[in-house]
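The values are calculated or read from the model by the stated rules, or taken from the named source; none is laboratory data. Please read all numbers here as calculations on a predicted model, not as lab measurements. Quick reminder, even Gly has a Cβ in these numbers, built from the backbone with ideal geometry, and neighbours come from all protein chains shown. In case anyone asks, the SASA skips ligands and DNA or RNA and just uses the protein heavy atoms, side chains included. Shrake-Rupley method; radii C 1.70, N 1.55, O 1.52, S 1.80 Å.
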Amino acid sequence: MPDRIPAYTLTRKRMKNLRMVVVSGTGEVRVSAPLRAPQREIDAWVRSKAAWIAAKQAEAVARPVALAPGPEADALRRELRPLLAAVVAEWVPRMGVPEPTWRMRIMRSRWGTCNHTTRVITFSVELGRQDHHLVEYVVVHELAHLLEPNHGPGFRAIMDTYLPGWREHRAELNGRAVD
């Protein structure tokens, strides 16, 4: 049925262009539209994106729902803490970096962050849902920032030295093809 309009939730806002998102975990389609956009134009735009929506919904339901504070996050934190402690303890001497202070928190768009000046690394609690080799990749990535603060050639050389398969790990973790 090419004329079928996929189900969506519409929100009108002060904005210039139409925007759409497919929610992880549920596959719900949310459309934001300018206040004065005609409904028929919005429907036509959503209909024109039907194949894209179907593909994104298939991906979205395969991904877990974003982590929120509560029992699941607390359980992941308890499981992740000893793993992170062990992996950090293993890699700090291997890489010859100063011992960082590290913590965990729920983060929506990052697996980890590093403040190379204060030597504080923050890991996403979502890492508790990942395999060991991906946790190790994030630890090495953040420790590498203690040596090289940006993602330039020096950073990539450090990653190539200590974790040669890092690009594949990054692609797996972020659900993308290797560049």
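Return yes when residue 112 is under 22 Å from residue 59 (Cα atoms) and either under 14 Å from the mean Cα position of the chain (by Cα) or among the aliphatic types (A, V, I, L, M) (or both) and no when it is not. Reasoning before the result, please.
On the way: under 22 Å from residue 59 (Cα atoms): no; either under 14 Å from the mean Cα position of the chain (by Cα) or among the aliphatic types (A, V, I, L, M) (or both): yes.
It is false that residue 112 is under 22 Å from residue 59 (Cα atoms) and either under 14 Å from the mean Cα position of the chain (by Cα) or among the aliphatic types (A, V, I, L, M) (or both).
Which pairs turn up if I take residues in the range 114-135 that are touching a residue at least 12 places away in the same chain (Cβ under 8 Å) and look for partners that are open to solvent by less than 60 Å² (accessible area, probe 1.4 Å) and of a type in the set (Asp, Glu) with beta carbon separation below 8 Å, at least 6 apart in sequence or on another chain?
The qualifying pairs are 114/142; 121/142; 123/142.
Suppose the filter is outside any loop (DSSP other than H, G, I, E, B), over 30 Å from residue 127 (Cβ atoms) and open to solvent by less than 60 Å² (accessible area, probe 1.4 Å); does residue 33 pass it?
Values: outside any loop (DSSP other than H, G, I, E, B): yes; over 30 Å from residue 127 (Cβ atoms): yes; open to solvent by less than 60 Å² (accessible area, probe 1.4 Å): yes.
Against the criterion (outside any loop (DSSP other than H, G, I, E, B), over 30 Å from residue 127 (Cβ atoms) and open to solvent by less than 60 Å² (accessible area, probe 1.4 Å)), residue 33 qualifies.
Of the numbered conditions (1) small (Gly, Ala, Ser); (2) in contact with a helix residue (DSSP H, G or I) (Cβ under 9 Å, 6 or more places away or on another chain); (3) assigned to a helix (DSSP H, G or I), residue 24 fails exactly one; give the number of that condition.
Unmet for residue 24, out of (1) small (Gly, Ala, Ser); (2) in contact with a helix residue (DSSP H, G or I) (Cβ under 9 Å, 6 or more places away or on another chain); (3) assigned to a helix (DSSP H, G or I): (3).
Hey, residue 155 hits all of (1) in contact (Cβ under 8 Å) with a residue 24 or more places away in the chain; (2) part of a helix (DSSP H, G or I); (3) open to solvent by less than 60 Å² (accessible area, probe 1.4 Å) but one; which does it fall short on?
Evaluating residue 155 over (1) in contact (Cβ under 8 Å) with a residue 24 or more places away in the chain; (2) part of a helix (DSSP H, G or I); (3) open to solvent by less than 60 Å² (accessible area, probe 1.4 Å) leaves (1) as the failure.
For the range 121-138, which residues satisfy the criterion of being of a type in the set (A, V, I, L, M) and either exposed (fewer than 14 other Cβ atoms within 10 Å of the Cβ) or within 15 Å of the chain's Cα centre (by Cα) (or both)? Write out each step before concluding.
Initial filter on the range 121-138 (of a type in the set (A, V, I, L, M)): 121, 125, 127, 134-135, 138.
125, 127, 134, 135, 138, listed by residue number.
Return the residue satisfying two criteria in turn: it lies in the range 90-112 and is open to solvent by less than 60 Å² (accessible area, probe 1.4 Å) and assigned to a helix (DSSP H, G or I), and of such residues it is nearest to residue 161 (Cα to Cα).
Restricting to residues being open to solvent by less than 60 Å² (accessible area, probe 1.4 Å) and assigned to a helix (DSSP H, G or I), the top hit is 95.
Of everything in the range 1-30 that's open to solvent by 60 Å² or more (accessible area, probe 1.4 Å) and within 22 Å of the chain's Cα centre (by Cα), which residue is nearest to residue 64 (Cα to Cα)? Let's see the steps before the verdict.
Initially, the range 1-30 is screened for residues open to solvent by 60 Å² or more (accessible area, probe 1.4 Å), giving 1-4, 7, 9, 11-14, 16-17, 19, 21, 26, 28, 30.
If we keep only those that are within 22 Å of the chain's Cα centre (by Cα) as well, we get 19, 21, 26, 28, 30.
Working: 19: 23, 21: 16, 26: 9, 28: 13, 30: 18 Å.
The selected residue is 26.
Name the one entry in 64, 38, 71 that is more than 19 Å from the chain's Cα centre (by Cα) and either open to solvent by less than 90 Å² (accessible area, probe 1.4 Å) or at pLDDT 95 or above (or both). Reasoning before the result, please.
On the way: 64 fails: more than 19 Å from the chain's Cα centre (by Cα); 71 fails: either open to solvent by less than 90 Å² (accessible area, probe 1.4 Å) or at pLDDT 95 or above (or both).
That would be 38, the only listed residue that is more than 19 Å from the chain's Cα centre (by Cα) and either open to solvent by less than 90 Å² (accessible area, probe 1.4 Å) or at pLDDT 95 or above (or both).
Would you check which residues across the range 116-131 are more than 24 Å from residue 75 (Cβ to Cβ) and either modelled with pLDDT under 95 or in a loop (DSSP other than H, G, I, E, B) (or both) and list them? Spell out the reasoning first.
Within the range 116-131, the first condition is being more than 24 Å from residue 75 (Cβ to Cβ), and the residues that meet it are 116-120.
Those that are more than 24 Å from residue 75 (Cβ to Cβ) and either modelled with pLDDT under 95 or in a loop (DSSP other than H, G, I, E, B) (or both): 116, 117, 118, 119.
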